[in-house]
1. Based on the Cβ-Cβ distance of D47 and E69, what FRET efficiency does E = 1/(1 + (r/R0)^6) give at R0 = 25 Å, to the nearest 0.05?
2. If Lys and Arg each add +1 and Asp and Glu each add -1, what is the summed charge of the other residues whose beta carbon sits under 12 Å from the beta carbon of F43?
3. Between T88 and I9, 0.36 nm times their residue separation minus their Cα-Cα distance comes to what?
4. So for the pair D16, S35, with labels modelled 7 Å out along Cα→Cβ, what separation do we get in nm?
5. Given the pairs K30/K90; K102/K126; K37/K123; K27/K90, which are separated by over 20 angstrom at their Cα positions?
6. Please give the length that would be gained between L156 and D133 if that part of the chain were fully extended, namely 0.36 nm times their separation in residues minus their C-alpha to C-alpha distance (nm, one decimal).
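All of the numbers you see were taken from the coordinates with simple rules; none came from a lab. As the structure is a prediction and not an experimental result, all values here were calculated from the model. In this analysis, Cβ positions are derived from the backbone assuming ideal geometry, glycine residues included, and neighbour counts consider all displayed protein chains.
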Amino acid sequence: IHVQMVRYIGNVINNDLGRVMREADYKMKKWAIGSEKPNISGFKDVDELMSTSNINYYGASRRFWFVPEDMRFIASNNFLMFDTGRMTLKTEYIFLDNKSEKAEPSDIAFANFFTQNYLEIAKKYKIYKELFDYAKYVALSQYLKRNRIPLLWYLLANKNLIVAENSPG
């Protein structure tokens, strides 16, 4: 049996954010290779998109990953509210010598379609709503830290609310 090693970025192993990141990534990759198809109008997997391109790099590994962008909040006297932001799908090639290159047009088209249709995808596939929600939480944490707003007391008082898991890989 072939096992893909999971690479986590950040301290997310064995917590719910790690689960969401892993499940969202696996589902997207199944869609990319065509082993599963989402119910999204206009969706094409990478192989379908590749038929319109003459570029194909041999000996290269495709790489796709999610990145939250433009996460902003509105601050007022008594509240902090999410204002805007979006989830994006990025892509590149990694060659056998571990050099990264810009991806071929079919991968870029797949990533662009996913990014442009992320909100529709998130409405139909809960894992992508969860991923965007967590992106907001992380952005909020960064905002609070950057603005030196103390919350350690609150976090310690509510640490029993943290959802944990035993992550595979």
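1. It comes out at approximately 0.35.
2. Taking every other residue near F43 into account, the sum is -1.
3. Taking T88 through I9 to full extension adds about 26.8 nm, to one decimal.
4. 2.8 nm
5. As for pairs spanning more than 20 Å Cα to Cα, those are K102/K126.
6. Between L156 and D133, full extension yields 6.1 nm more.
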